[in-house]
Amino acid sequence: MPGIASNLLADRIRELEAAGLVRREDAPPPVATTLFHLTDSGTELAPALAAIGRWGVRYMAKRSENDEFQGHWFAFPASFFLRDRDPDGPPLQIELRAASSPAVIEVSGGSIRTRPGTATAPDLVLSGDPQLILALFAGARSATEAASLGLQISGDTRVLERLLG
């Protein structure tokens, strides 16, 4: 995780394991890494985290000059605010250009996944302040309002209709 000291991350993971919220698993060969999964108790926290996420979006509306934003931070809000309303529809990609590190939201079969990087042929591109993208996702701003405030929206805007609402 960019931006966190490895010893601090290791301490936090050990605390989550001790609390019974996550479990570790060694990945099968040839991958040499450790995977972490939520336990049943960890999964039970999802509604509380969703409520905190919805509550906290209002505090992200104003940007401070000292704020730093990483593209992969979109994963949490995207998972709570976006829904694939056409799971039988074609897969699609939204590229988010709001930070020094872009991110891609991939939608397919009713699931939504966010990953760092760029898309080869995105269906939609959102470029601008991360706060505007988050406000759009949370329903605090319409696409028209976000665009009037500087969010650049290019590509197939019907993608937003499929995911927002």
Applying the selection to the range 100-145, what residues are hydrophobic (A, V, I, L, M, F, W, C), under 14 Å from His72 (Cα atoms) and at pLDDT below 90? Leu134
With the requirement that a residue be at pLDDT 80 or above and either part of a loop (DSSP other than H, G, I, E, B) or in the same structural domain as Arg158 (by TED's automatic domain parsing) (or both), what does the range 48-74 give you? Phe74
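I'd like to know if the range 92-99 contains one or more residues that are surrounded by 15 or more Cβ atoms within 10 Å (Cβ to Cβ), in contact (Cβ under 8 Å) with a residue 60 or more places away in the chain and assigned to a helix (DSSP H, G or I).
Filtering the range 92-99 for residues surrounded by 15 or more Cβ atoms within 10 Å (Cβ to Cβ) gives 92-99.
Subset that is in contact (Cβ under 8 Å) with a residue 60 or more places away in the chain: 92, 94.
Subsequent filtering for residues that are assigned to a helix (DSSP H, G or I) retains none.
Looking for residues that are surrounded by 15 or more Cβ atoms within 10 Å (Cβ to Cβ), in contact (Cβ under 8 Å) with a residue 60 or more places away in the chain and assigned to a helix (DSSP H, G or I), one finds none in the range 92-99, hence no.
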Return the residues of the range 102-144 that are more than 17 Å from Arg158 (Cα to Cα) and charged (D, E, K, R); say none if nothing qualifies. Arg113, Arg115, Asp129
May I ask you to list the residues in the range 12-37 that are closer than 23 Å to Ala48 by Cα and out of contact with any strand residue (DSSP E or B) (no Cβ under 8 Å at 6 or more places or on another chain)? Arg12, Arg14, Glu15, Ala18, Ala19, Gly20
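The values are calculated or read from the model by the stated rules, or taken from the named source; none is laboratory data. Values in this document were obtained by computation on a predicted structure and should not be read as measured data. Every residue, glycine as well, gets a Cβ built from its backbone with ideal geometry; the counts of neighbours run over all protein chains shown.
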